[in-house]
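The values are calculated or read from the model by the stated rules, or taken from the named source; none is laboratory data. Because the structure is predicted, anything quoted here is derived from the model rather than measured. Every residue, glycine as well, gets a Cβ built from its backbone with ideal geometry; the counts of neighbours run over all protein chains shown.
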């Protein structure tokens, strides 16, 4: 069991270490979010399963604090928080269009939609179509689209303004990398916020 755990941690650390190759994209995502916030816009975040948890975690860091309790509060919404809306729409119209409906309801031109998906969605196979449909709606509305993805990158790599593909096919390692990227974005936002004070 010790060897198993050692291998697991080594593999996870190796993948997270490769994220240094994406510092430019992380900086651009943070700057895009920051500039949008300065214009009174908001961050919309969505994902499924563990990625939904990451979306809520990101929103918590944005609206509360990451490190500095004195920095500005950022406007951010997790699109999966309203269980009444989710169950009503999914029951009547299907879950594939739920996030796109929420983008339509909550989003405005100039906002940022931040999608988190280990696979990135597939139109042909119908995987994560709720995220792909949300991405389509965002592009239609003039909302900037950022995505954290893994595996092959799926459909989201083709339609996002900025994206990072975690170089792994193992869901747990992709998720570990995604939350590390989210924290790195928060770190950048703290610096940007401090410069504007």
- Has the range 104-111 got at least one residue that is surrounded by 17 or more Cβ atoms within 10 Å (Cβ to Cβ) and more than 19 Å from residue 81 (Cβ to Cβ)? no
- From the set of residues in the range 164-181 that are within 20 Å of residue 130 (Cβ to Cβ) and buried (at least 21 other Cβ atoms within 10 Å of the Cβ), which is nearest to the chain's Cα centre (by Cα)? 178
- Note on the structure: Of (1) in a loop (DSSP other than H, G, I, E, B); (2) over 19 Å from residue 35 (Cα atoms), residue 85 satisfies every one except (1)
- Task: Being surrounded by fewer than 17 Cβ atoms within 10 Å (Cβ to Cβ), in contact (Cβ under 8 Å) with a residue 12 or more places away in the chain and part of a helix (DSSP H, G or I) is the filter here, so list the residues in the range 146-158 that pass it.
- Result: 157
- Message: Of everything in the range 48-74, what is in a helix (DSSP H, G or I), surrounded by fewer than 18 Cβ atoms within 10 Å (Cβ to Cβ) and free of Cβ contacts under 8 Å to residues at least 24 places away in the same chain? Give them in sequence order.
- Response: 53, 60, 63
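Inspect all residues belonging to the range 126-135 and state whether any of them is surrounded by fewer than 22 Cβ atoms within 10 Å (Cβ to Cβ), out of contact with any helix residue (DSSP H, G or I) (no Cβ under 7 Å at 6 or more places or on another chain) and either at pLDDT 95 or above or under 19 Å from residue 160 (Cβ atoms) (or both). Don't jump to the end; show me each part of the working.
The first filter runs over the range 126-135 and keeps only residues surrounded by fewer than 22 Cβ atoms within 10 Å (Cβ to Cβ), leaving 126-127, 129, 133.
Then drop every residue that is not out of contact with any helix residue (DSSP H, G or I) (no Cβ under 7 Å at 6 or more places or on another chain), which leaves 126-127.
Still in the running and either at pLDDT 95 or above or under 19 Å from residue 160 (Cβ atoms) (or both): 127.
Scanning the range 126-135, I find at least one residue that is surrounded by fewer than 22 Cβ atoms within 10 Å (Cβ to Cβ), out of contact with any helix residue (DSSP H, G or I) (no Cβ under 7 Å at 6 or more places or on another chain) and either at pLDDT 95 or above or under 19 Å from residue 160 (Cβ atoms) (or both), so the answer is yes.
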- In the range 98-121, is there at least one residue being over 16 Å from residue 137 (Cα atoms), part of a helix (DSSP H, G or I) and in contact with a strand residue (DSSP E or B) (Cβ under 7 Å, 6 or more places away or on another chain)? no
